[in-house]
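**Student:** Below is a structure I'd like to ask you about.
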Amino acid sequence: MTNRYYHGTRAALALRDLIGPAADDRDPAGAHVLLTPSLDEAIWSAELAAGDAPARVYVVEPVGSIERVPSLPDDRPPGHPSMSLCSREPLRVTGEVTEWLHYHGTRADLQPGDLIKPGHVSNFGATARAANYIYFTRTLDAATWGAELAVGEGRGRIYIVEPTGPIEEDPNLTNKKFRGNPTKSFRSREPLRITGEIADWKGHAPEAIRAMKDGLERNKQLGVEAIDD
């Protein structure tokens, strides 16, 4: 756990504004406000929040005590990371996340300063072909999937990268399952420069990886191609 907490929303807030508890229809007596120590969870919550304003992630400090989000009898997990802590007291805004690290998951053994270029065989799609783009993400969760699902025999690796040219949202993920770009996934026709490596990332459970691979295999059998034009 970390002492830094985040809150994802579409509300435009200023430094030292208070984010108050909101009532929960499923638990009328349990009004609370959500927060998380995970930037990935806050990004997803911001992207999936109601409204058309830009998604925002704030750094917050709780005014009171915090606890795990209660598990209600009729609660059905939505299948994506969500803010996992809550407080009965307001959160104070201490900053906003405006600068992001970019990540690329792979099995290639690379070094800082190396360039990752388009043209390699794509990991996804029914037909083996060289990719026109190089793909990357702002969330460690998406990069973890990239490392785990990458072709090859080496161990999965997650590199911190910086684009060397224009970038755009990855159309394979944007608005496909959820609206917006909750995984913060992007692509570029220009190389990515490696600036570091995440050495202590945590992988997904074996059953989750198997389910993901089974889904990709079904798409392959159906002839579903990745959008790479």
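**Student:** State which residue is modelled with the highest pLDDT when the search covers only the range 10-33 and only residues that are assigned to a strand (DSSP E or B) and either of a type in the set (Gly, Ala, Ser) or surrounded by 22 or more Cβ atoms within 10 Å (Cβ to Cβ) (or both).
**Tutor:** Among those residues, the one meeting the criterion is Val33.
**Student:** From the set of residues in the range 131-150 that are in a strand (DSSP E or B) and either out of contact with any helix residue (DSSP H, G or I) (no Cβ under 9 Å at 6 or more places or on another chain) or among the aromatic types (Phe, Trp, Tyr) (or both), which is surrounded by the fewest Cβ atoms within 10 Å (Cβ to Cβ)? Write out each step before concluding.
**Tutor:** Keep residues of the range 131-150 that are in a strand (DSSP E or B), which gives 134-137.
Pick out the ones that are also either out of contact with any helix residue (DSSP H, G or I) (no Cβ under 9 Å at 6 or more places or on another chain) or among the aromatic types (Phe, Trp, Tyr) (or both) and you get 134-136.
Values: Ile134: 23, Tyr135: 26, Phe136: 26.
Of everything passing the filter in the range 131-150, Ile134 is surrounded by the fewest Cβ atoms within 10 Å (Cβ to Cβ).
**Student:** Moving to a separate point now. Looking only at the range 151-190, count how many residues are crowded, with 17+ Cβ neighbours inside 10 Å and within 24 Å of Asp109 (Cβ to Cβ).
**Tutor:** Number satisfying all stated conditions: 10.
**Student:** Regarding Leu91, is this residue surrounded by 15 or more Cβ atoms within 10 Å (Cβ to Cβ), modelled with pLDDT of 90 or more, outside the structural domain of Asp40 (by TED's automatic domain parsing) and over 22 Å from the mean Cα position of the chain (by Cα)?
**Tutor:** Spelling it out, it is not the case that Leu91 is surrounded by 15 or more Cβ atoms within 10 Å (Cβ to Cβ), modelled with pLDDT of 90 or more, outside the structural domain of Asp40 (by TED's automatic domain parsing) and over 22 Å from the mean Cα position of the chain (by Cα).
**Student:** Is it true that Ala50 is among the hydrophobic types (A, V, I, L, M, F, W, C), under 21 Å from the mean Cα position of the chain (by Cα) and either at pLDDT below 95 or assigned to a loop (DSSP other than H, G, I, E, B) (or both)?
**Tutor:** The answer is yes for Ala50.
**Student:** Would the range 138-153 turn up any residue that is among the polar types (S, T, N, Q), touching a Lys or Arg at 6+ places or on another chain (Cβ under 9 Å) and at pLDDT below 85? Spell out how you get there, then give the answer.
**Tutor:** As a first pass, look at the range 138-153 and keep what is among the polar types (S, T, N, Q): 139, 144.
Applying the additional criterion that residues be touching a Lys or Arg at 6+ places or on another chain (Cβ under 9 Å) yields 139, 144.
Cutting the leftovers down to at pLDDT below 85 gives us none.
There is no residue in the range 138-153 that is among the polar types (S, T, N, Q), touching a Lys or Arg at 6+ places or on another chain (Cβ under 9 Å) and at pLDDT below 85.
**Student:** Can I ask one more? State all residues of the range 105-120 that are under 15 Å from Arg187 (Cα atoms) and either touching a residue at least 24 places away in the same chain (Cβ under 8 Å) or polar (S, T, N, Q) (or both); if no residue qualifies, say none. Full working, then the answer.
**Tutor:** Quick first cut of the range 105-120, residues under 15 Å from Arg187 (Cα atoms) only: 105-106, 115-120.
Within the range 105-120, Gly105, Thr106, Leu115, Ile116, Lys117, Pro118 qualify.
The values are calculated or read from the model by the stated rules, or taken from the named source; none is laboratory data. Model, not experiment: these values are computed from the prediction. Glycine also receives a Cβ, built like all others from the backbone with ideal geometry; neighbour counts cover every protein chain displayed.
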